[in-house]
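Nothing in this text is a laboratory measurement; each read-out follows from the coordinates by a stated rule. Keep in mind that this is a model prediction, so the values were computed, not measured. All Cβ positions, glycine included, derive from the backbone under ideal geometry; neighbour counts span all protein chains shown.
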Amino acid sequence: MSSTPKNQAPITGIIHHPYTPDAPFAAPQPGVFKASSVFFPNVAAMRSWDWKDKSAFTYGLHGTPTTYILEERIATLEGGSHCVLVPSGLASISVIGLALLKSGDHVLLPDNVYGPSKGFAESELQRFGVSIGYYDPMRVDHCASLIQDNTRLVWLEAAGSVSMEFPDLAGLVRLCQQKGIATALDNTWGAGLAFNCFDLDGDGSYRLGVDVSAHSLTKYPSGGGDVLMGSIVTRDAAVHRKVQATHMHLGLGVGVNDIETVLRSLPSLALRYHAQDAAARQLAAFMADHPAVVQLLHPAFAGSPGHAHWQQLCGEGNVAGKQGAAAGLFSVVIDPRFSQQQIDLFCESLRLFKLAYSWGGPISLVVPYKIGSMRAISESQLHPGTVVRFSIGLEDAHDLQQDLAQALQKAFG
């Protein structure tokens, strides 16, 4: 026990209480350390300690033990060596762009790129003097034809946003390596489980892989639909330093309670991912059989754009297991003979599926899209019609199928 020293106010005694636990404490969940100020033992330490290699703590914005634990685990999940946490998945994309590009540079994006990523490039990057081009994600030769002398970065998505095309990821990365151009992958769909983006050969050599991965931890790593967070992972120390510098200059930080939530969810990540994948395949097959559906967009199904590329990278026989891995997302194209009002009625008639963006949480979601307004290149891979995307949650798949059936009947007869 200790008491307040003579002539010292109790409040001072509380703030400067000397007790710290000496006994070791080990538990399944890591401790939660919150701080803005971090104490130094002396001035020499204040001048010499460096947070950049995780050998010391200097200020809460640069990391705490809790922050470092999640960064190390996400890097391990994705097969990387370095990780930085940011406040959202979009922040991951934005920081990479700001870290690796400068005025006069040129960046290529897949035409099916995540909408907010396109918006960031067309507003912020172009405003700072970076030129932009869009390539057909299903054609390595088209990407090659658009590379300029000042092309410094090529963005990749596997699978593509909304329309779910799966590109020749290895071919695109090989092209960029030959040209000396950095590659960045939005790895949210794969979540570090479907494939190793830093080892696309799959032989452990890490000879063929992306330079940097952006991951929306909001989705599968969180799993609760209640956290906004992103990560940037790389195996390249020089790229990591650039990302760290931009991260620091922008003053980005992530709440430690949110980090605690993701740390708690990570052990169940693979269980949830594969369960949602299995349910999505069941429901995708059900939807594909309906007369109103003219095309199924799901990389694990033959006939979906890029299925052969998915099979090669993520299919049976890879580290993901017998069935491969394909996340819990799929889209369908509704026959153009049906009106937008009927499609909206279908979405609104669903009782278990909610109208909402994002995915990876416990509740199934649905969103209708007007793909034509989102693309710069003609969608030769897609049938005419309206695209509806489904994100499968953790509900019973039979219940979800019944919900789809009643909404289909109500909207399309």
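With Cβ to Cβ distances under 13 Å as the rule, what net charge do the other residues near H215 carry (K, R +1; D, E -1)? Intermediate results must be reported in sequence, preceding the final value.
Details: positive: R73, K219; negative: E71, E78, E157, D186.
With Lys, Arg at +1 and Asp, Glu at -1, the net is -2.
Along the axis of the charge dipole computed for the range 43-267 (Cβ charges of +1 for Lys and Arg, -1 for Asp and Glu, origin at the Cα centre), the listed residues A238, F198, M164 are led at the positive end by A238. Peptide packing: for 113-123, 358-368, the average count of neighbouring Cβ atoms within 10 Å per residue gives the ranking 358-368, 113-123, highest mean first. Shape index of the range 1-107: Rg/Rh, with Rg the Cα radius of gyration and Rh the Kirkwood radius from the inverse mean 1/r over Cα pairs, equals 1.11.
Each residue of the chain gets 182 Å³ once the volume of the Cα convex hull is shared out per residue. Put a plus charge on the Cβ of each Lys and Arg, a minus charge on the Cβ of each Asp and Glu, and nothing anywhere else: the dipole of the range 43-267 about its Cα centre is then about 580 debye. Simple point charges give the picture: +1 on the Cβ of Lys and Arg, -1 on the Cβ of Asp and Glu, and for the chain a dipole about the Cα centre of about 840 debye. Only Cα pairs under 8 Å and 6+ residues apart enter the sum, and on that basis the relative contact order of the range 172-297 stands at 18 percent.
Per DSSP helix of 4 or more residues, -39500 (n - 2.57); summed, then divided by the residues of the chain. What does that give at 222 nm, rounded to the nearest 500? Walk me through the numbers on the way to the answer.
Working: 13 runs with 139 residues, N = 413.
Using -39500 (n - 2.57) per qualifying helix, the result is -10000 deg cm²/dmol.
The alpha carbons of the range 43-267 give a radius of gyration and a Dmax of 17.1, 58 Å, in that order.
Across the chain, the relative contact order, built from alpha-carbon pairs under 8 Å that are at least six residues apart, equals 15 percent.
In a simple Cβ point-charge model (Lys, Arg +1; Asp, Glu -1; nothing else charged), the range 268-412 has a dipole of about 220 debye relative to its Cα centre. All other residues whose Cβ lies under 12 angstrom from that of L352 are scored, Lys and Arg at +1 and Asp and Glu at -1, for a net of -2.
Fewest neighbouring Cβ atoms within 10 Å first, the residues I93, I15, I147 line up as I15, I147, I93. Rounded to 0.05, the FRET efficiency of the D53 and Y206 pair, given R0 = 22 Å and the Cβ-Cβ distance, is 0.60.
Sorting 242-253, 60-71, 31-42 by their mean Cβ neighbour count within 10 Å, with the most densely packed peptide first, gives 60-71, 242-253, 31-42. FRET efficiency for the pair A23 and L250, taken as 1/(1 + (r/R0)^6) with r the Cβ-Cβ distance and R0 = 35 Å, rounds to 0.30.
From the square roots a ≥ b ≥ c of the eigenvalues of the alpha-carbon gyration tensor of the range 268-412, which class results: rounded (a/c under 1.5), prolate (a/b over b/c), or oblate? Provide the component values of the computation, followed by the final result.
On the way: a/c = 1.86, a/b = 1.22, b/c = 1.52.
Judged from the Cα gyration tensor, the range 268-412 comes out oblate (a/c at least 1.5, b/c at or above a/b).
In this structure, the residue pairs whose Cα-Cα separation is over 30 Å, taken from K179/K370; K34/K219; K370/K410; K102/K354; K54/K179, are K179/K370; K102/K354; K54/K179. When the Cα positions of H290, L404, Y369 are compared along the charge dipole of the range 268-412, Y369 comes out farthest toward the positive end, with charges on each C-beta of Lys, Arg, Asp and Glu.
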